[in-house]
Amino acid sequence: MNPSTLAARVIIDELVRCGVREAVLCPGSRSAPLAYALAAADADPDVPLRVHVRTDERTAAFLALGMAAASGRMVPVVTTSGTAVANLHPAMLEAHHQRVPLLALTADRPPELRGTGANQTTHQPGLFPTVRLAVDLGTPAAGMEAPQGVLGEAMTGQAAVEARSWRTAVDRCWAAAMGALGGDAGPVHLNLPLRDPLVATGGPGLGLDGAAAPVDAEGTVPGVADAVAGRAGGAPWTAVPGRVVDGSPGAHLADRTPEADRDGRTLESDREGRTLEADLPEGPERTVVLVGDLGSPSVARAVQAGARRRGWPVVAEPFSRFGGDSAVPGGVHLLGDEEFLADHTPERVLVVGRLTLHRVAGRFLARPGVRVEVVSASTAWPDPGHRAEVVHPLVLRPAAGETAGGELAGGSECAWWQAWHDAGRQRSSSPTAPSALAPEEETRAPGAAPGGEVSLAPGVTVAGEGPTTSRAVAAGEQPLTTATAAAVVASNVRGLLFLGSSRAPRSLDLALDGPGRGVTGILGNRGLAGIDGCLSTAAGWALTHGPTTALVGDLTFLHDANALAIGPGEPRPDLTVVVLNDDGGAIFGDLEYGRPEHLEAHGAHTFRRVFTTPTGTDIGHLARAHGVEHTRVVTAQALQDALASEPSGLRVVEVGLTP
C-alpha cells in the first residue's frame with residue numbers, strides 16, 4: 001500500500017487501541033486516506049469504532065465535542081486542509097474551557113507547499129493555541145510502500161522509526177487529551193501532511209495484522225512490521241494509564257487501571273460498582289456549597305451526596321441542580337435575600353464548578369466575613385472574583401451507605417440544612433415574594449421591546465406539505481412565555497436535557513423548584529457559553545447516552561441548523577429540539593440595553609436591529625427541508641402533549657412565545 005494509506009491506517013488503528021470508539025469525518029480530498037481508513041474500520045465488525053459523516057466542519061466538531069463530553073473518551077474530528085481546519089476552532093475553544101478530550105485530526109499539504117500559494121494550503125500547525133498538545137507529523141516518506149500480505153518486509157531502519165512514530169504520536173495525543181499523568185484534559189491537534197497518491201491501495205480493511213510478515217522465535221513481528229501491525233492483544237503501542245473524565249476531567253478516583261480507562265468507564269461508580277460521592281473538605285457547620293457547571297450529571301450527584309452527608313445545603317445552577325434531591329429549591333433567590341441572610345450567613349462557602357448564570361452569586365461570595373474555598377478538578381480553578389482562600393482537589397470516593405444520597409449529619413448541621421431548604425421552599429411557593437435578583441436577571445425591564453412577536457392566531461399552520469403539525473390556542477388556554485415553556489419542558493422530558501446558552505438556562509433555573517422525575521441530567525456548553533454548536537453537541541450526547549431533549553432559542557437553533565443535515569444511513573440521534581421562538585435574541589431586553597432610558601436614548605428600532613436581530617425565519621420550512629419532523633405549539637398543554645413520548649429519532653418542536 002502507498003505511504004499515505006499506510007500512515008492513515010496505522011493512525012486509525014492506534015486510535016482504536018487507545019480507546020476511541022466514535023469518530024466524526026468531514027469529506028475532502030487531502031484527507032482521503034484517513035476517510036478510507038475510517039470507512040474500513042467502521043465496516044469491520046471486529047473493530048469497535050463507529051463513524052459519523054458530516055459536511056459542515058463546525059457542526060462536526062461540536063458533534064465530536066458532545067460525544068467526548070458524554071463518554072469521557074477522546075473523539076477525533078477528521079478534516080481536509082485549509083479553511084476546513086479553521087472551522088474547528090469554536091469547538092476546540094469550548095473543549096479547552098470545558099476540559100473535554102477532543103482531537104482535531106487534520107490532513108495537510110506537504111510542508112514544502114506552505115507559503116507558496118498552493119491551493120488549500122495554509123500554516124496549520126499552531127492554529128489552535130489552547131490545545132494540550134499539538135503534533136505536526138512528518139510526511140509519510142517514499143519507500144514506505146508495503147505490498148498487501150507482506151507488510152514490512154521491505155521496510156527497515158529509518159522507516160521503522162517513522163512507523164513507530166505514528167503510533168506514539170497518537171498515544172501522546174490520547175494521554176494529553178485525557179489528562180493522564182496529572183494534566184488537565186482537553187483538546188489536542190494531530191496534523192498529518194500527505195502526498196499523492198491519496199487513493200487507498202492494499203485491499204479492504206485496515207490490513208495491519210502482519211500475518212505474512214516475518215515472525216521471530218517468540219512470536220513477535222520484528223522491525224517495521226511490528227510497528228505497522230501494532231502490539232499484541234490490541235494494546236496501544238505506549239500505554240498511559242489515565243483518567244476517564246465523564247465530563248469532569250481531573251476528578252481524582254483511586255484504583256484506576258489502563259484497561260478500565262480504555263473501556264471508557266465513567267465516574268458513576270468504582271470498579272466494584274459502589275456508588276461514588278465527593279469527599280468534600282472538612283469545615284465549619286455553617287457551610288454552603290455553591291455548585292456550578294460540572295459537565296457531568298454523575299459528578300453533580302456525587303457532589304450533592306457529599307454535601308448532604310455533611311448537612312451542608314447546596315445551591316446549584318441547573319446544570320448540577322438536577323443531579324439529586326439535595327439542592328435548595330429556589331436557592332438562587334436566597335443568595336441575595338438580606339432578611340434571610342441576617343441570621344443565615346454562612347461562615348464558609350465551597351464553590352464546586354463554574355458559576356456562569358447569575359450575578360447574585362458573585363455578590364454573595366463577596367459578603368464580609370465569608371470564607372471562600374474552591375473544590376476543583378482542574379489547575380484552572382474557577383475564581384473570577386479572586387476571593388478563594390484555598391483550593392481543594394475534587395476527590396470521589398465510594399459512598400459510605402447504600403446510596404449516593406447518604407444520610408444527614410446530626411445536630412446543628414441538620415438544622416442548618418433544614419433552615420435553607422425551608423426558606424427555599426417558602427420562597428419558591430410565594431410568587432409575590434420580593435426577588436433577590438437584579439432586574440436584568442429575572443424579567444424583561446418595563447418597556448423593553450421584545451425580540452419580535454410570533455403570531456398566535458388560531459389555526460396557524462405552516463404552508464406546504466411535509467412532517468409539520470400545528471396546535472392552535474383554544475378558548476381559555478394560556479399562551480406560552482419563556483418561563484412557563486421552560487417549566488413544562490423540564491417537568492415532562494425523559495432522559496437528558498441539554499440547555500442552549502442565553503435565556504433558556506436562566507428561565508429554567510428561575511421557574512422551577514425541581515425537575516420532573518424523568519430528567520436524568522442537565523447539560524450545556526458552559527465553557528464559553530456561546531450559542532454556536534448547541535444542537536450538534538446535544539446530538540453527540542444523544543448518540544452516546546440515548547434519548548435527549550434540547551431546549552434552545554431561535555437564534556441558537558438557526559446558528560447550528562446544519563446539525564439537522566444528516567445523510568442517509570448515518571447514525572441518527574434520538575433528539576427532540578424544543579425551540580423557544582420569539583424571533584430574535586430576547587435576552588437583550590432583560591439586560592441593561594433594554595431598559596426604558598436606553599431605549600429612549602437610542603431608539604427601539606436600533607435596539608431591535610443591532611441587539612435582538614429578528615430574522616423572520618420559518619422554522620417549519622427549515623426543518624422540513626432537512627426531512628426532520630416539525631411540530632409548532634403555542635400552549636402549555638400542547639407542549640406537554642408534544643413531549644409525552646420519549647425522544648425517538650430527530651424532531652423539532654417549535655414553541656411560539658407570547659411577547
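Read the figures in this text as sums done on the coordinates, not as results from a lab. Everything quoted here is computed from the prediction, not taken from an experiment. Note that each Cβ is placed from the backbone with ideal geometry, even for glycine, and that neighbours are counted across all protein chains shown.
At a 10 angstrom cut-off on C-beta neighbours, averaged per residue, how do the peptides 609-622, 114-127 rank from highest to lowest?
The packing order, highest mean first, is 609-622, 114-127.
Summing Lys, Arg as +1 and Asp, Glu as -1, what charge do residues with Cβ under 10 Å from the Cβ of VAL75 carry, VAL75 excluded?
Charge balance near VAL75 sits at +1.
Amide H of VAL652: which non-local residues (sequence gap of 5 or more, or other chain) have their own amide H closer than 5 Å, using H built in the peptide plane?
VAL577, GLU629, HIS630, THR631
How do VAL24, VAL552 line up, fewest other C-beta atoms within 10 Å first?
VAL552, VAL24
What length, rounded to one decimal in nm, is gained on full extension from GLN426 through to ALA43, with 0.36 nm per residue of separation minus their alpha-carbon distance?
Computed gain between GLN426 and ALA43 is 132.1 nm.
Averaging over all projection directions, find the projected area of the Cα convex hull of region 31-92 and quote it in nm² with one decimal place.
Averaged projected area of region 31-92's Cα convex hull equals 4.4 nm².
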